[in-house]
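**Q** Provided herewith is a single structure, encoded as structure tokens, for subsequent inquiry.
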Amino acid sequence: MAKQKFYVVWDGAEDGVYTSWEACQQAVSGYSGAKYQAFKTEAEAEEAFEMGYEKYKEQEAKNKEQEKKENPDASSAPRSMSLAIHPSLPAPAIENSIAVDAACSGNPGKMEYRGVYLRTGKEIFHYGPVWGTNNIGEFLAIVHGLALLKQKGLYQMPIYSDSVNAQLWVKRKKCKTTLERNEKTEGLFQLIERAEKWLKENTYQNPIIKWPTEEWGEIPADFGRK
């Protein structure tokens, strides 16, 4: 059985880290000058995406050159660049936390997101459906959770999300989507702008943790439509 690969799209229809070739292909197919690459681990993919295409390629070239100097007799076959220490298996989930997720019928399509309290599985917020993309929903769900926790004074409660892209967008305080802004999506874009504004004007201490789907199964906020 082939091991799962992770795909970075630096320049495509929607940039980000993808967990399947099918999703990556959808992001780059028909996109002129698309820049993308496969990685063996999620940690490597996330780090490469954060570096940006040009910086990553420069570092990759330096690593290969250094390897040749240190071991001139080594095979010239290309090797993946190790960008991060492989994370150990995760500890049990923190029950006193929020889990968020989004669902989209088509991409773009009818999108909705929600948050649940992990200890009870009770839904604590829900938005949609509206016309959008899954990545937008994942981004908005995290920001919604952060704003709600700050409002309630729960400054240390973690938020689980299974979306690497959304976590990166939150970190950068920018929803990097190529969804067309038109009459159909205007309301959603106004919500995106509110979320970006909140991130720029507020600080938070709540850890945003990647839900390890491979080890723990689907995130509890999952809509169950796969």
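The values are calculated or read from the model by the stated rules, or taken from the named source; none is laboratory data. This one's a predicted model, so the numbers in the text were calculated from it and none came from an experiment. Cβ sites come from the backbone with ideal geometry, for glycine too, and all protein chains shown count toward neighbours. Quick note on the areas: whole protein, heavy atoms, side chains included, nothing else; ligands and nucleic acids left out. Shrake-Rupley method; radii C 1.70, N 1.55, O 1.52, S 1.80 Å.
**Q** If you go through the stretch 192-209, how many residues are touching a residue at least 12 places away in the same chain (Cβ under 8 Å) and closer than 18 Å to LEU149 by Cα? Quick ask: steps written out before the conclusion?
**A** So the first thing to find is which residues in the stretch 192-209 are touching a residue at least 12 places away in the same chain (Cβ under 8 Å), and the list is 192, 195-196, 198-200, 202, 204-209.
Checking which are closer than 18 Å to LEU149 by Cα leaves us with 195-196, 198-200, 202, 204-209.
Result for the stretch 192-209: 12.
**Q** If I go through the stretch 106-129 residue by residue, how many of them are closer than 19 Å to ASN182 by Cβ and either surrounded by fewer than 17 Cβ atoms within 10 Å (Cβ to Cβ) or not aliphatic (A, V, I, L, M) (or both)?
**A** Going through the stretch 106-129, the residues closer than 19 Å to ASN182 by Cβ turn out to be 106-111, 128-129.
Retained after the next criterion (residues that are either surrounded by fewer than 17 Cβ atoms within 10 Å (Cβ to Cβ) or not aliphatic (A, V, I, L, M) (or both)): 106-110, 128-129.
Summing the residues that are closer than 19 Å to ASN182 by Cβ and either surrounded by fewer than 17 Cβ atoms within 10 Å (Cβ to Cβ) or not aliphatic (A, V, I, L, M) (or both) in the stretch 106-129 gives 7.
**Q** Follow-up. Suppose we filter the stretch 140-197 for residues that are among the polar types (S, T, N, Q), open to solvent by 20 Å² or more (accessible area, probe 1.4 Å) and not in a loop (DSSP other than H, G, I, E, B); how many remain?
**A** Going through the stretch 140-197 one residue at a time, the tally reaches 3.
**Q** Kindly indicate the residue of the stretch 198-218 that is open to solvent by 50 Å² or more (accessible area, probe 1.4 Å) and part of a loop (DSSP other than H, G, I, E, B) and also nearest to ARG119 (Cα to Cα) among those meeting that condition.
**A** GLU218
**Q** Regarding the stretch 74-84, can at least one residue be identified that is of a type in the set (Gly, Ala, Ser), at pLDDT 85 or above and under 20 Å from the mean Cα position of the chain (by Cα)?
**A** Checking the stretch 74-84: not a single residue is of a type in the set (Gly, Ala, Ser), at pLDDT 85 or above and under 20 Å from the mean Cα position of the chain (by Cα).
**Q** Of the residues GLU14, GLU44, which is acidic (Asp, Glu), open to solvent by less than 70 Å² (accessible area, probe 1.4 Å) and in contact (Cβ under 8 Å) with a residue 60 or more places away in the chain?
**A** GLU14
**Q** Under 9 Å between Cβ atoms, at least 6 apart or on separate chains: pull out the pairs that start in the stretch 161-173 with a residue that is under 13 Å from TYR18 (Cβ atoms) and end on any residue that is surrounded by 24 or more Cβ atoms within 10 Å (Cβ to Cβ) and among the hydroxyl-bearing types (Ser, Thr, Tyr).
**A** VAL164/TYR18; ASN165/TYR18
**Q** Quick check: anything in the stretch 105-120 in a strand (DSSP E or B), of a type in the set (Gly, Ala, Ser) and modelled with pLDDT of 95 or more?
**A** Let us first name the residues in the stretch 105-120 that are in a strand (DSSP E or B), namely 105-106, 109-117.
Filter once more, so that each one left must be of a type in the set (Gly, Ala, Ser): 105-106, 109, 115.
So of that shortlist, the ones also modelled with pLDDT of 95 or more come out as 115.
Yes, the conditions are met somewhere in the stretch 105-120.
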